[in-house]
Amino acid sequence: MLGEIIIGIISAAVPLSITFVLVGLGEMFNQRAGVYNLGAEGIMMVGAFIGFYVEYTMQSGPGSSTLGMLAAIGVGAFMGGIMALVCVTFKAEQGIAGIALYMLGWGVAGMLFRVYIGGTTTIVGLQAVNVPLLADIPVLGPIFFSQNAMVYVTLFLVPLAWYMLNKTVWGLKAKAVGTAPMAADTMGVKVDRTRIQCVVLAGAMAGLAGAYLSICQTHMYADNITAGRGFIAVALVYFGKWKPSGVLFGALLFSLAHSFQRSIQVYGIDFPYEVAVVFPYLLVIVVLAFSGRSNIMAPAALGKPYYRELRD
């Protein structure tokens, strides 16, 4: 019985972590370039609604889930562009701009939901599938080979993000403008252009993460569906020391805690439910407190606008 509970908790934690991984990888890119975006939560809300709405209007027809996620990527990139315009082009304070973007996304998503949907409505969404033969493997089968397609796509994005960041010219430019933008500018790197690209990419991934919530995880849309996941993902970037593998580990750790508190009700575990509900969030605070020294590894220009005229 204990073994079944453990497998159940872990197998539920894997899909729960996908949202954090998607947002975290995107946030890692724009923080590496020197910009942090606290508006990821708002982008996720709009992406969640747009993805849901596209599938809803198509009546969950063939390809509707894919189109919904593509639409969410597009609206996420657009909102990321707004953040880039305000913070990179106009040099506004990034923290305040991020909170404003969060409030904008929250308001827009809520308004659209009330106008075009009005109440709780479910969609078919993207269902989990059992990989032939592999799903029958004891322990590993239920955990890794009985998930929806976006789980595998996201797990593939982790090594891809590492490769982009460390083995491509674009990734090296992104790290350069977040560490020493003046030196990068002197070497011919377009600082603002690179930062804008990273912020737009992060917005697209946050939009996709929102669509994952509504299309793949809950199969519905509701007010505040993101429940703080965007803010937690930003914290996980710090915990993961701006590395894709660290973001993945942090996302799995938080999701395990979240899966445990959900499993208490499902399996009737004798544990105070009130404590279990806050446990995942307490875990984030504790982990960040003990990993606070990792801030010395933060990109040197994080949060600092770049003024090209100061170079001359």
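Derivation of every value follows stated rules applied to the coordinates shown; laboratory data play no part. From a predicted model like this one, the values you see are computed outputs, not experimental measurements. Every residue, glycine among them, receives a Cβ derived from its backbone with ideal geometry; neighbour counts consider all protein chains shown.
The table for this structure:
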{"item": "Length-normalised contact order of the stretch 25-118 in % [C-alpha pairs under 8 Å, at least 6 apart]", "result": "40"}
{"item": "Sorted by Cβ neighbour density within 10 Å, fewest at the top, the residues Thr122, Thr19", "result": "Thr122, Thr19"}
{"item": "Rounded if a/c under 1.5, otherwise prolate or oblate - the stretch 77-173, Cα gyration tensor axes", "result": "oblate"}
{"item": "Coarse-grained scattering of the stretch 170-283 at q = 0.11 Å⁻¹, given as base-10 log I(q)/I(0) from a Debye sum over alpha-carbon atoms", "result": "-0.53"}
{"item": "Listed values [x] 76, 48, 35; [y] 68, 44, 40; [z] 61, 44, 42, entry calculated as Cα extents along the principal axes in Å", "result": "[y]"}
{"item": "Degrees between helix 244-267 axis and first principal axis of the chain (Cα, 0 to 90, nearest 10)", "result": "30"}
{"item": "In Hz, Karplus ³J(HN,Hα) per residue of the stretch 62-71 (6.51, -1.76, 1.60; θ = phi - 60°; x = Gly, Pro)", "result": "x, x, 5, 5, 5, 5, x, 6, 5, 5"}
{"item": "Pairwise FRET efficiency - Met187 versus Val278, Cβ, R0 = 51 Å, nearest 0.05", "result": "0.60"}
{"item": "Alpha-carbon radius of gyration plus Dmax, which is the widest Cα pair, for the stretch 115-161 in Å", "result": "15.3, 47"}
{"item": "Those lysines that a straight Cα-Cα span of less than 26 Å connects to Lys167, excepting residues fewer than 8 apart in one chain", "result": "Lys175, Lys190, Lys241, Lys243, Lys304"}
{"item": "Shape category assigned to the stretch 1-98 from the gyration tensor of Cα positions, a/c cut at 1.5", "result": "oblate"}
{"item": "Relative contact order of the stretch 50-94, defined on C-alpha pairs under 8 angstrom at six or more residues apart (%)", "result": "31"}
{"item": "Computed helical MRE - 222 nm, the chain, DSSP H runs ≥ 4 contributing -39500 (n - 2.57), nearest 500", "result": "-22500 deg cm²/dmol"}
{"item": "Percentage relative contact order, the stretch 155-273, counting C-alpha pairs under 8 Å, at least six apart", "result": "17"}
{"item": "Charge tally in the Cβ shell below 14 Å around Phe254, where Lys, Arg are +1 and Asp, Glu are -1, Phe254 excluded", "result": "+2"}
